[in-house]
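This report concerns only the one structure given below.
Computed from the coordinates by the stated procedures, all read-outs in this text should not be read as laboratory data. All values derive from a computational prediction rather than experimental measurement. Every residue, glycine among them, receives a Cβ derived from its backbone with ideal geometry; neighbour counts consider all protein chains shown.
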Amino acid sequence: MPIDLSQGLEGLDHNFLTGKLEDLVKWSRSMSSWPATFGLACCAIEMMAAGGAHYDLARFGMEVFRASPRQADLMIVAGRVSQKMAPVLRQIYDQMMEPKWVISMGVCASTGGMFNNYAIVQGVDQIVPVDVYAPGCPPGPETLMHSILTLHELIRGGEITRRRGATGAGAGVTVEQRDGQAAPALGATAVSLQAGRA
Ligand code: SF4
């Protein structure tokens, strides 16, 4: 079967000869996601805590929050999104590298939360495709890290990348709240994308 290099690394999918290379690419993508420096409200304080020494995001290759969206491939929407901020958020998303991912952190980002009014976007999935929803008000660092590890599993599985390329849709996975619990061990998060979510 001829190798289609016109699509870059995505063209190497499902090839007998390059199967291991595809695994390597997916693994390296999952272990090198860099978040954009982007906090909107109180949830951002918990996101900052997750970047501190106690929780040590450096274990997952992502302690450096990038000041430029052009160096980031993960957007953590931490806090409520106002109507005024929505176009700014979308512009930052558009400037991020492909493939890119979105975690919606907290009830405000995911649904508007208690801010059921005209000034707040009632769910950031109206603006950008969301891959993982972290529940809570606010989700603690443990829940955020659970979301991040879930996203890593999704990236390593590969389907999320193909789906994003084909439909532009996010995975839309909701994790459970894990505040106060230890972060799961690497590779311990079993994730499967359910059919029909796109
Ligand atoms: S979910 Fe709670 S902590 Fe997060 S932005 Fe909304 S009010 Fe603040």
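So the values come out like this:
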{"item": "Test: Thr111 is at negative phi, within 15 Å of the ligand (Cβ to nearest atom) and in contact with an Asp or Glu (Cβ under 9 Å, 6 or more places away or on another chain)", "result": "no"}
{"item": "Count of residues meeting criterion [closer than 11 Å to Val102 by Cβ and of a type in the set (A, V, I, L, M, F, W, C)] in region 116-133", "result": "5"}
{"item": "Number of the exception - Ala169 against (1) away from the ligand (no atom under 16 Å from the Cβ); (2) not in a loop (DSSP other than H, G, I, E, B)", "result": "(2)"}
{"item": "Residue check, Glu98 crowded, with 16+ Cβ neighbours inside 10 Å and among the acidic types (Asp, Glu)", "result": "no"}
{"item": "Unique residue being aliphatic (A, V, I, L, M) and either in contact with a helix residue (DSSP H, G or I) (Cβ under 6 Å, 6 or more places away or on another chain) or farther than 25 Å from Gly157 by Cα (or both) when the list is Ala72, Ala67", "result": "Ala67"}
{"item": "Filtered residues of region 128-142 (kept if within 19 Å of Arg163 (Cβ to Cβ) and of a type in the set (A, V, I, L, M))", "result": "Val128, Val130, Val132"}
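Results for (1) within 12 Å of the ligand (Cβ to nearest atom); (2) in contact with an Asp or Glu (Cβ under 8 Å, 6 or more places away or on another chain); (3) closer than 22 Å to Arg164 by Cβ, shown as yes or no for each residue.
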{"position": "Lys84", "(1), (2), (3)": "no, no, no"}
{"position": "Arg90", "(1), (2), (3)": "no, no, yes"}
{"position": "Met96", "(1), (2), (3)": "no, yes, yes"}
{"position": "Met105", "(1), (2), (3)": "yes, yes, yes"}
{"position": "Ala119", "(1), (2), (3)": "no, no, no"}
{"position": "Asp125", "(1), (2), (3)": "no, no, yes"}
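Conditions tested, residue by residue: (1) away from the ligand (no atom under 16 Å from the Cβ); (2) buried (at least 21 other Cβ atoms within 10 Å of the Cβ); (3) among the aliphatic types (A, V, I, L, M).
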{"residue": "Met31", "(1), (2), (3)": "yes, no, yes"}
{"residue": "Phe38", "(1), (2), (3)": "no, yes, no"}
{"residue": "His54", "(1), (2), (3)": "yes, no, no"}
{"residue": "Glu63", "(1), (2), (3)": "yes, no, no"}
{"residue": "Arg66", "(1), (2), (3)": "yes, no, no"}
{"residue": "Met75", "(1), (2), (3)": "no, yes, yes"}
{"residue": "Arg80", "(1), (2), (3)": "no, yes, no"}
